[in-house]
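This report concerns only the one structure given below.
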Amino acid sequence: MQSKALPGFRDLYPADTALLQKIFDVWRAVSARYGFEEYGGPPLEPLELYTAKSGEEIVGQLYHFEDKGGRAVALRPEMTPTLARMVAAKASDFKKPIRWYTIPQLFRYERQQRGRLREHFQFNLDLIGEPGPLADAEVIAAAIDVMRGLGFGPESVRVRMSDRRVIRALLMGAGVEEEQLGAAYAAVDKIERDSRDALTDRLKGAGIERPIADRVLDLAEIRGLESVLGALDEVTDGELIGDGLTECHGALANMGLVEFVDVDLSIVRGLDYYTGIVFELFDANRSVRAICGGGRYDDLLRALGGIDLPAVGFGMGDVVITELLRSRSGAPSTPSRLDVYLVAVTSSDVPEVLRLSHALRDIGIRVEYALKQQAVAKQLKIASVRGSGRAILIGPDERESGEVVVRNMDTGTEEQVPITALTEDLAWLGGRETP
RNA sequence: GUGGUUGUAGCUCAACUUGGUUAGAGCGCCGGACUGUGGCUCCGGAGGUUGGGGGUUCAAGUCCCCUCAGCCACCCCA
């Protein structure tokens with residue numbers, strides 16, 4: 001093997017780039033439909049931007065080094081701290097709620113696996129300044145619409161949604177102490193992955209003993225809005241706590257998207273900064289890890305940027321989506337890259353080919369021609385491989401008569417077209433879209 | 001970072017039971033048959049330090065050790 005890209009990094013060949021671009025296009029199109037504006041930020045940030053609130057232990061998962069000015073810097077592993085700084089710096093400039101999205105390339109130093117590299121592009125969409133559940137529903141709907149835009153329906157993509165406030169109330173109602181919540185969340189999060197016995201042991205290690213531990217694990221298995229509300233009825237003041245989840249669910253129903261949504265109390269998300277509704281998108285048959293994760297983080301902007309604004313958003317990486325698209329649709333079709341290929345029959349025809357190619361390019365038509373003299377058969381073969389819809393043959397006869405041969409590469413039929421008419425009337429292109 | 005597993009051409013895979021001579025095929029790529037007509041067919045060519053290094057042996061793709069890389073699990077999931 002010769003040299004390759006670093007572990008966890010990708011060389012993006014044209015076919016890879018085309019697929020990535022398609023994903024970007026959907027991200028941008030959905031964002032635009034929801035009224036979100038794109039922003040950006042530096043790929044390199046002060047190391048302390050990430051260590052300040054997350055602690056030193058995450059340094060091991062960062063690409064970080066000292067720059068030539070002696071600053072401790074890191075490649076960004078996430079966008080939220082940058083977003084917090086940007087919003088905080090100009091919070092009063094923007095009418096609330098702020099609807100922003102971005103597509104940063106993010107980096108993390110850890111061992112790669114399928115669907116998880118050391119670098120990826122992650123669509124981040126955040127809605128800042130609105131605490132109500134319609135904001136949560138808006139963001140979740142956008143995530144769903146991205147997957148719909150990529151051709152996935154409710155049979156293949158599922159939203160699993162929960163609410164930190166609900167699970168917290170239920171856990172405390174079950175007898176979990178405030179300081180044990182972290183351990184309880186971790187156990188709830190792993191309910192589908194680990195055995196009950198193993199989780200009971202873990203809970204025991206955190207001081208949560210048998211009767212309570214059993215109740216914690218039972219809560220983690222609650223599915224469906226009705227069951228959640230039923231469980232909340234058993235808790236003091238529980239009815240109000242379910243309102244957010246109920247309204248968000250109802251809003252998604254009104255939008256016609258509820259068939260994508262499962263209320264699932266085992267979803268807690270790893271980060272402890274989430275304060276309300278949390279959600280993840282999954283491939284329905286779970287062949288890959290989560291497609292997307294997000295939720296409400298009403299306290300984070302104050303902690304990070306010193307500005308007190310509620311917020312809700314999500315991150316969606318390109319790697320898992322790419323895996324899904326590749327496994328689903330088999331070989332990605334090669335899109336047409338050319339409108340027309342100009343064939344010079346003899347070397348004397350090259351000047352006319354050059355003149356015509358540039359005249360066509362000037363009006364936005366995608367044109368290629370051979371850069372060296374080749375047999376007509378060879379030139380047509382390349383035209384075919386390039387996905388060109390038409391080929392124009394220019395030889396001594398054509399230059400003499402002023403009429404070129406336009407060959408339809410799909411059907412093989414040919415027609416004579418006056419060379420002067422080629423740039424005037426584009427009928428010969430067969431209705432192909434041109435700018 | 002820890003543990004497990006895999007590694008042969010650009011890709012997918014071969015290479016007899018138990019080490020044996022010059023590591024093969026399909027697809028793809030390049031060229032030719034076809035000097036003004038692509039797809040089909042036929043023919044030819046390039047492309048390998050068998051991931052790398054060391055060891056055992058008369059002899060290693062094959063056995064042993066180390067290392068690198070992929071995959072899986074843990075960790076973590078921004």
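The values are calculated or read from the model by the stated rules, or taken from the named source; none is laboratory data. These numbers were taken from a predicted model, which means no experiment stands behind them. Don't worry about glycine lacking a Cβ; one is built from the backbone with ideal geometry, like all the others, and counts go over all protein chains shown. Note: accessible area is taken over every heavy atom of the protein model, side chains too, but ligands, DNA and RNA are not part of it. Shrake-Rupley method; radii C 1.70, N 1.55, O 1.52, S 1.80 Å.
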Can you spot the lysines whose alpha carbon is less than 25 Å from A:Lys204's alpha carbon? Ignore those fewer than 8 places along the same chain.
-> A:Lys190
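Accessible area of chain A with a 1.4 Å probe: how many percent of it is carbon plus sulfur? Mind showing how you got there, number by number?
On the way: 10840 of 21610 Å².
Carbon and sulfur atoms account for 50 percent of the accessible area of chain A.
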For chain A, with the dipole built from +1 on Lys and Arg beta-carbon atoms and -1 on Asp and Glu ones, taken about the Cα centre, which of A:Val406, A:Leu325, A:Val288 lies farthest toward the positive end?
-> A:Val406
For segment A:229-295 and segment A:102-164, what is the separation of their C-alpha centers, rounded to whole Å?
-> 14
Largest fluctuation, A:Arg164, A:Arg33, A:Arg85 only, Gaussian network model of chain A with Cα springs under 10 angstrom, belongs to A:Arg33
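Take each of the peptides A:193-202, A:286-295, A:136-145, average the number of other beta-carbon atoms within 10 Å over its residues, and list them starting from the highest. Numbers along the way, then the final one.
Values: A:193-202: 13.8, A:286-295: 19.8, A:136-145: 24.9.
Put in order of decreasing packing, that is A:136-145, A:286-295, A:193-202.
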Rounded to the nearest 500 deg cm²/dmol, what is the calculated helix-only ellipticity per residue at 222 nm for chain A, with -39500 (n - 2.57) per DSSP H run of length n ≥ 4?
-> -11500 deg cm²/dmol
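Taking 8 Å as the Cα distance limit and 6 or more residues as the minimum spacing, I'd like the relative contact order of segment A:340-429 as a percentage.
Once divided by the residue count of segment A:340-429, the mean separation gives 30 percent.
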Quick one: putting +1 on the C-beta of Lys and Arg, -1 on the C-beta of Asp and Glu, what dipole do you get for segment A:363-435 around its Cα centre, in Debye to the nearest 20?
-> 520
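Sorted by mean Cβ packing within 10 Å, highest first, what order do the peptides A:359-367, A:308-316, A:217-225 take?
Numbers: A:359-367: 15.3, A:308-316: 22.6, A:217-225: 18.1.
Taking the mean over residues of other Cβ atoms within 10 Å, the ranking is A:308-316, A:217-225, A:359-367.
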Rounded accessible area per residue of chain A, 1.4 Å, Å² | 50
